[in-house]
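Read the structure below first, then the notes.
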Amino acid sequence: MGNWKELFSWAYSGVNFSLAGNGGPECAALIPGSQKIAETVFVVALNSLLLWISYPRMTFQNALPLSTGHGGDVGRRILLLIMCLTFGIELGFKFASRQMIWVLNPCHLVTMVQIFLLAAPPSYFAMALFRLHIHWLGGATIALVFPVLNTRLLPFEVQVYFLQHIMMLIIPLFLTQLGGAYTLEPMSDFAWSIASSALLFIYHFLPLQFVAVLLQVNLNSMLCPAISDPFYGRWFRVCAIAHQTLYVLLHGKLYTYLAHCVARHTTCRSVRVNGFSRNG
């Protein structure tokens, strides 16, 4: 085990456990092992069931063309360039500080998903991934409203933090107005949001928790609560299961509504412009 940890020390040896909320033995011991197992079994079983129920209902209601045309190519390339540069700098900070382990946090994974969506051609896989990731954007909003900056000590590290999370919320709105493969489900369709929430919880309580426990690094507060958590204590994860389920569903639907408004506004504006051109 020691040799294995030394092999991957470049990814987590820079984590400062003296900073509250970063991890360490005291943080890892807050929740007894038996409680961790019980919570994990409950969360994984429940969300696996929800995923099994929602999967057959995750349909593409409208036979829309997948292609978005070439109207948004320039915008996609500009956003792809900005996001790649931003994320590349963020990875550079992680390598320089020997804290690459934080890349496993959901916001970084969502950033990778968005880079793929900006770069990949339209497809049903891209449409499914686009719809699912909309309900993973709640973390970006929390990061902007309640930023955790006490571990960001390098020059421009704070600025890159805010730029990355702002871009995460802008990119889906841009893609939505392109239509095609980037069309969201109707507001009355909860299959995608439930499946997305289920996948998010399963990711947290299986791979993310496993790595967090193994290395005693508090990945996305899987070992101990953040210093600002109002539910501080050994039962903070039980409280989080309740309030984060509601938050993910509510934030996802509010963002979906906003995206629908942006798409409708863009469509109406396009119709007016095209009609004016033909009449002129």
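The values are calculated or read from the model by the stated rules, or taken from the named source; none is laboratory data. All of these numbers come straight from a predicted model, not from anything done at the bench. Methodologically, a virtual Cβ is constructed for each residue, glycine included, from the backbone with ideal geometry; neighbour enumeration extends over all protein chains shown. Surface areas here come from the heavy atoms of the whole protein model, side chains and all, with no ligands, DNA or RNA. Shrake-Rupley method; radii C 1.70, N 1.55, O 1.52, S 1.80 Å.
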Among helices (runs of 4 or more DSSP H) entirely within the stretch 1-81, at least 2 residues that are at pLDDT 90 or above occur in 25-28, 33-54
Taking the conditions exactly as written (at positive phi and either at pLDDT 95 or above or touching a helix residue (DSSP H, G or I) at 6+ places or on another chain (Cβ under 8 Å) (or both)), does GLY179 satisfy them or not? yes
Keeping to the stretch 133-156, report how many residues are surrounded by fewer than 18 Cβ atoms within 10 Å (Cβ to Cβ), in contact with a helix residue (DSSP H, G or I) (Cβ under 7 Å, 6 or more places away or on another chain) and in a helix (DSSP H, G or I). 2
List the residue pairs whose Cβ atoms are under 7 Å apart, where the first residue sits in the stretch 160-176 and is within 16 Å of HIS265 (Cβ to Cβ), the second is β-branched (Val, Ile, Thr) and at pLDDT 95 or above, and the two are 6 or more positions apart or on different chains. PRO172/ILE134
Would you please list the contacts, defined by Cβ atoms under 6 Å and residues six or more apart or on different chains, that run from a residue in the stretch 85-101 that is touching a residue at least 60 places away in the same chain (Cβ under 8 Å) and farther than 13 Å from VAL158 by Cα to a residue that is part of a helix (DSSP H, G or I) and basic (Lys, Arg)? MET100/LYS94
Residues located in the stretch 117-172, provided they are more than 12 Å from the chain's Cα centre (by Cα) and of a type in the set (Ser, Thr, Tyr): SER123, TYR124, THR151, TYR161
Subset of the stretch 186-199, residues in a helix (DSSP H, G or I) and surrounded by fewer than 20 Cβ atoms within 10 Å (Cβ to Cβ), comes to ALA191, LEU199
For MET187: the one exception among (1) in contact (Cβ under 8 Å) with a residue 40 or more places away in the chain; (2) closer than 24 Å to LEU104 by Cβ: (2)
Do we find a residue being over 30 Å from VAL41 (Cα atoms) and of a type in the set (Asp, Glu) anywhere in the stretch 187-206? no
Filter the stretch 122-159 down to residues that are within 22 Å of ASP73 (Cα to Cα) and free of Cβ contacts under 8 Å to residues at least 24 places away in the same chain, then give me how many there are. 2
Residues of the stretch 20-36 being under 25 Å from the mean Cα position of the chain (by Cα) and open to solvent by 50 Å² or more (accessible area, probe 1.4 Å), which ones? ALA20
Top-ranked residue of the stretch 97-132 - restricted to ones that are part of a helix (DSSP H, G or I) and open to solvent by 40 Å² or more (accessible area, probe 1.4 Å), ranked as modelled with the lowest pLDDT: TYR124
